[in-house]
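For reference, the structure is listed below as structure tokens.
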Amino acid sequence: MKARHENVWHEFAEELENLQVKARRAREILLGPLETEIATTPYEVVHKEDRVKLKHYRAQEGPGLRTPLLIVYALINRETMLDLQPDRSVIRTFLKGGLDVYMMDWGYPTRKDRYLTIEDHVCGYMDDMVDFIRERHGIEKINLMGICMGGSFCVMYASIFPEKIKNLNTTVTPTNFDTDQGLLHVWMRELDADRLVDTFGNIPGDLMNLGFLLLNPARLVIDKYRGLLESITDRQFVENFVRMEKWIFDSPDLPGETFRQFIRDCYRENLLIQSRMRLGDHLVDLKKITMPVLNIYARYDHLVPPDSSRFLTQFLGSTDVEDLCLDTGHIGIYVSSKTQKEFAPKIVRWLKEREGRVAGGKLRVSGRGSRVAGRRRPSGQESATDARIQP
Amino acid sequence: MSATEAAIDLWKEIVGGLFARAWENAGRRDLPGALVANLAFNARLMERFVHDVHQPPSEALGKFIDLWGKEWADFQRLWLGKTPELFTWPETGKSPGDGRDLFRAWSKFYEGELKPLLNIPQVGLARFYQEKANCLMDKFHSLQRASAEFLEMLAVPMDESLRMLRKEMDRTREASKISEGLKEAYGIWINNLEKLYQNLFRSPDFIKCLSSTVSALAEFVNARMEYVQQWAKAAQLPTIKDLDEAYRELYLLKREVRSLRVAGCELRTERLLATKTQGREEA
């Protein structure tokens, strides 16, 4: 008993000593220079319309694909996620792969943007940007990539203007909202969106952040910072952590009418996957999406669960569709070191394989033998949602 | 002389004495002497006052005290009678309920007793301002109540996870080092906490509470805006409503311009195609 008693004090003294060393090192790091800049890949703003900008990243290694890629991020948070750190930058991977990349910067909506609808974003800003790129490069079609809500916009756009899109890539994109897998889907059905919009105009970014933190407070409010304290002597960890914090709390407001329509038409009535969603005079008919589609989603995504993403390809008119499920979460798909080797290179390869194709899904005759990619049935476990969702 | 008359005489002496003596003495240019005389006079007045206070109170004073004392006691009995649930604790051995009995009791009390006071129709020139102020107070209270209930719900998994941790630690007391023990304990606690929160967040009670909290927030913000806007209007400043109207018109104008531009482009394209076709046919 006495020996154990002495051991306890000995261990306590040891812990205190370790803590002191750690605190000293932490002080050096936090008070010293930290490289926490995000979105450091050089770009040029080539077009601007109201608050929306079009950024252009030039391909690094000589001429690559002739067809440029336009990336459309969500209206929630910022597109800087794709270029968070130099060694984990989706943009840099694309540029190294020879892609000519354009990215839409939705900017920071103000009160005057509160009346902008989904139609204004898709058939207005997106269409103008696509036309600008087509004219600039002298081409008829471009490649389109959408992320999260941006992917939903891309799906809508591709169905309304299929003649302008060569290949479509959707990433962690919610298209089916008839699922209870994600908490957001459960909550959004009960939330009075009309009252929120009538009160706030635009939905405040801070309110949305609070909602996202509430999805898992144990991990996002407590455990995350415990992890920081544990690794606070690692400069690189601290820098990456601060970069992530900079991005995650950089939340623009969401235009009110867009929010209202998204909640009503998507979360409540699930019109998108049923091809019943209307943007003004345009009907979003998924059968009109006839270009090749690569649909990537994350198995452990708590914001856009697999059941929300994986059914898209079953409803398209395209014969060249592919689903890819990665073992990661909603944000990990872009920043996890493991998926960095899987995610962006896969997109580059996929686009390169289809670069030489003409309309109709047929491959142009080249020197080598090539085959037409057939429709790949999505693999996945049967769920209650499967029974409800039928093409 | 009655107590009232004595009080009036005393008052007259005080007022007369304080000013008259000092004025007289200052006129004779004997200011120090005047001040001393004044202080002595004030001391005599104070002695008289203290003496009078210790006299038996008159009948009128007794009746006055009786009346107010009775009213105060009745008032307390009335309000205690209306709020028994606020002061009721669960009996020993019985379940403490879902922990929201206090919120329900307070809501019942507020809706029944306090809110009608805020809804009393206002009169006069400032009636609209007062009405909006009352509405703001009401919505502020609603927000506080909803937030308190929401936070109380969020605290439940925290309590439960700590209870579970204690049980687990009682069960496994062996740990080779303090730090390993702490890490293990933290790991158990955070996992339990996460699971408890996930269960809570899917429960209908929580969803209802979340929805009502968000609604209460929206109502409060609206009431606050209404209250502030009326002052802005009085000060001839543009209000949020004015700006929203202007933005709406601007938005509609821009849409109109865009649709005209698109229609113009399509028309130009059609004419160009028609001209080319015609040119080819002629050729």
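The values are calculated or read from the model by the stated rules, or taken from the named source; none is laboratory data. Every value quoted in this text rests on a predicted model; they were computed, and no experiment measured them. Positions of Cβ are backbone-derived with ideal geometry, glycine not excepted, and every protein chain shown enters the neighbour counts. Side chains included, ligands, DNA and RNA excluded: accessible areas come from the protein's heavy atoms. Shrake-Rupley method; radii C 1.70, N 1.55, O 1.52, S 1.80 Å.
Scanning the stretch B:193-216 for residues that are at the interface with chain A (Cβ under 7 Å from one of its Cβ atoms) and either in a helix (DSSP H, G or I) or within 15 Å of the chain's Cα centre (by Cα) (or both) yields B:Leu193, B:Glu194, B:Tyr197, B:Phe201, B:Ile207, B:Leu210, B:Ser211, B:Val214, B:Ser215. Mind counting the residues in the stretch A:191-247 that are aliphatic (A, V, I, L, M) and either in a loop (DSSP other than H, G, I, E, B) or within 8 Å of chain B (Cβ to nearest Cβ) (or both)? Matching residues across the stretch A:191-247 total 7. Taking the stretch A:150-182 as the range and being open to solvent by less than 10 Å² (accessible area, probe 1.4 Å) and part of a helix (DSSP H, G or I) as the test, the residues that pass are A:Gly150, A:Gly151, A:Ser152, A:Phe153, A:Cys154, A:Val155, A:Met156, A:Tyr157, A:Ala158, A:Ser159. Taken over the stretch A:305-342, residues that are closer than 23 Å to A:Met291 by Cα, among the polar types (S, T, N, Q) and open to solvent by 20 Å² or more (accessible area, probe 1.4 Å) amount to 2. Here A:Tyr300 meets each of (1) crowded, with 19+ Cβ neighbours inside 10 Å; (2) aromatic (Phe, Trp, Tyr); (3) within 16 Å of the chain's Cα centre (by Cα) with one exception, condition (1).
The number of residues in the stretch A:124-134 that are more than 20 Å from the chain's Cα centre (by Cα) and open to solvent by less than 20 Å² (accessible area, probe 1.4 Å) comes to 2.
Just name the residue that is farthest from the chain's Cα centre (by Cα) out of those in the stretch A:16-66 that are within 30 Å of B:Lys254 (Cβ to Cβ) and in a loop (DSSP other than H, G, I, E, B). It comes out as A:Asp50. Annotation for the stretch B:234-249: at least one member residue is part of a helix (DSSP H, G or I), within 8 Å of chain A (Cβ to nearest Cβ) and closer than 30 Å to A:Asp131 by Cα. Given the criterion aliphatic (A, V, I, L, M), in contact with a Ser or Thr (Cβ under 9 Å, 6 or more places away or on another chain) and modelled with pLDDT under 95, identify the matching residue among A:Leu82, A:Leu116. One residue alone meets the criteria, A:Leu82. If the condition is being assigned to a helix (DSSP H, G or I) and over 20 Å from the mean Cα position of the chain (by Cα), then the stretch A:262-290 contributes A:Arg264, A:Asp265, A:Arg268, A:Leu286, A:Lys287, A:Lys288. For the stretch A:160-186, filtering for residues that are over 18 Å from the mean Cα position of the chain (by Cα) and touching a residue at least 40 places away in the same chain (Cβ under 8 Å) leaves 8. When A:Phe132 is tested against (1) more than 14 Å from chain B (Cβ to nearest Cβ); (2) in contact (Cβ under 8 Å) with a residue 60 or more places away in the chain; (3) in contact with a Leu (Cβ under 9 Å, 6 or more places away or on another chain), only condition (1) is not met.
Of the residues in the stretch A:135-149, how many are open to solvent by less than 30 Å² (accessible area, probe 1.4 Å) and in a helix (DSSP H, G or I)? So the answer is 1.
Against the numbered list (1) within 10 Å of chain A (Cβ to nearest Cβ); (2) surrounded by 14 or more Cβ atoms within 10 Å (Cβ to Cβ); (3) more than 25 Å from A:Glu190 (Cα to Cα), B:Glu219 comes up short only at (3).
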